[in-house]
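Written out below as structure tokens is the structure these notes cover.
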Amino acid sequence: MKLICGSRTLDLRSPVVMGIVNVTPDSFSDGGAFRTAAAAAARVERVVEEGAAIVDIGGESTRPGAAPVAVAEEIDRVMPAIERAVRLPVVVSVDTSRPEVIRAAIAAGVHLVNDVRALTVPGALEAAAAGPVGICVMHARGEPAVMQDNPRYEDVVAEVDAFLGARVAACVAAGIGRERIAIDPGFGFGKTLAHNLALLRRLDVFAAQCLPLLVGLSRKRMIGELTGRGIDGRLAGSVALATIAALRGASIVRVHDVAATLDALRLVAALQESET
């Protein structure tokens, strides 16, 4: 399996790592750590040195309860990191939902648009379709400020799968080829612990769409709920969940701790290769 991302192509015969670069003051795990241009550049370089296939740069926190930021501020936050990252041998992703940011990022040379709102913001789908970039559409229920206020589903797996299928169809109708599209079930975005576990257990349902499957489980609340660990103590849980996800069909794992996760994925790849 491959994902076409403009001038670069991701080979997904084995799972790969997407390294997180949050240039925000309020992200749930590393908010404020990489706000300056120098700190963001250093983070980008470290993620690449540790072996990430993708660098995912975001300028607006989407943690539960997060407030939106002005479009101009989001652009100002992400552009220095993007401009540094596109010079490196890596796929560069922008984590945004806004058409203005998408257009600015594409103009700066990004290869992938990673959207937690699945290109549903007016103008976002058209902005993404206008460039040759790859796309990742994610499922979320509700805006970050309220998404964890008692989320309910009749069948979380079926409903998330249907939503993602519909968004893929919308992308294709807008002129985005399937070879450019990845999907993400959106762990923690309008889901309880029980919902997240159900999604993880049935990742094969999403993999059956025959598109690259991205998962983001790194340091998330579900790890704390299951282990009692605070954010700084969730490395082992994050690597374990990344391993489980890869074994169940994930092609891309989005993480804070690149080197440790990559070690685990190399073991997964060796096991998968031995079975062919």
Checking the a/c ratio against 1.5 first, then a/b against b/c, what shape does the Cα gyration tensor give for segment 2-274?
rounded
Quick check: residue separation of A108 and A37 times 0.36 nm, minus the Cα distance between them. What number comes out in nm?
24.0 nm
Can you put D263, D56 in order of Cβ neighbours within 10 angstrom, beginning with the fewest?
D263, D56
Phi to ³J(HN,Hα) by Karplus 6.51 cos²θ - 1.76 cosθ + 1.60 over segment 108-125, Hz, x for Gly, Pro:
7, x, 5, 10, 8, 10, 10, 10, 5, 9, 6, 6, 9, 5, x, x, 5, 4
In the neighbourhood of V239 defined by beta carbon distances under 14 Å, the net charge of the other residues (Lys, Arg +1; Asp, Glu -1) is +3
Order of K191, K2 under a 10 Å beta carbon neighbour criterion, fewest first
K2, K191
Tell me, what ³J(HN,Hα) does each residue in segment 176-181 have, in order and in whole Hz, if you take phi through Karplus 6.51 cos²θ - 1.76 cosθ + 1.60 with θ = phi - 60° and put x for Gly and Pro?
8, x, 4, 5, 9, 10
Expressed in nm to one decimal, what extension gain is obtained for the pair A174 and T227 from 0.36 nm per residue of sequence separation less their Cα-Cα distance?
14.8 nm
Rounded to whole Hz, the Karplus (6.51, -1.76, 1.60) HN-Hα couplings of segment 153-164, x for glycine and proline:
9, 6, 8, 4, 5, 5, 5, 5, 4, 5, 4, 5
Springs between alpha-carbon atoms under 10 Å, Gaussian network over the chain: tell me which of V44, V90, V23 tops the mean-square fluctuations.
V90
Need one number: % antiparallel among DSSP beta bridges in the chain, to the nearest 5.
10
Neighbours of D161 by Cβ distance under 15 Å: Lys/Arg at +1, Asp/Glu at -1, summed charge +1
Where a ≥ b ≥ c are root eigenvalues of the Cα gyration tensor, a/c under 1.5 meaning rounded, otherwise prolate if a/b exceeds b/c and oblate otherwise, segment 165-276 counts as oblate
Once T120 and V205 are pulled to full extension, the length gained, defined as 0.36 nm per residue separation minus their Cα-Cα distance, is 28.3 nm
Give the calculated FRET efficiency between E45 and A158 to the nearest 0.05, with a Förster radius of 45 Å applied to their Cβ-Cβ distance.
0.60
Taking GluC sites (Glu not before Pro) as exposed when in a DSSP loop with at most 14 other Cβ atoms inside 10 Å, the chain has its longest clean stretch at 1-153
Cut-off 10 angstrom, C-alpha nodes, Gaussian network model of the chain. Which of S218, S14, S61 fluctuates the most?
S14
GNM, the chain, Cα, under 10 Å: largest mean-square fluctuation among N196, N150, N114?
N150
Report, in deg cm²/dmol and to the nearest 500, the calculated mean residue ellipticity at 222 nm for the chain, where each DSSP H run with n ≥ 4 adds -39500 (n - 2.57) and the sum is divided by the residue count.
-12500 deg cm²/dmol
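Every read-out reported here was derived from the displayed coordinates using simple, explicitly stated rules and does not represent laboratory data. No experiment lies behind these values; they were computed from the predicted model shown. Neighbour counts run over all protein chains shown; Cβ positions are idealised from the backbone, glycine included.
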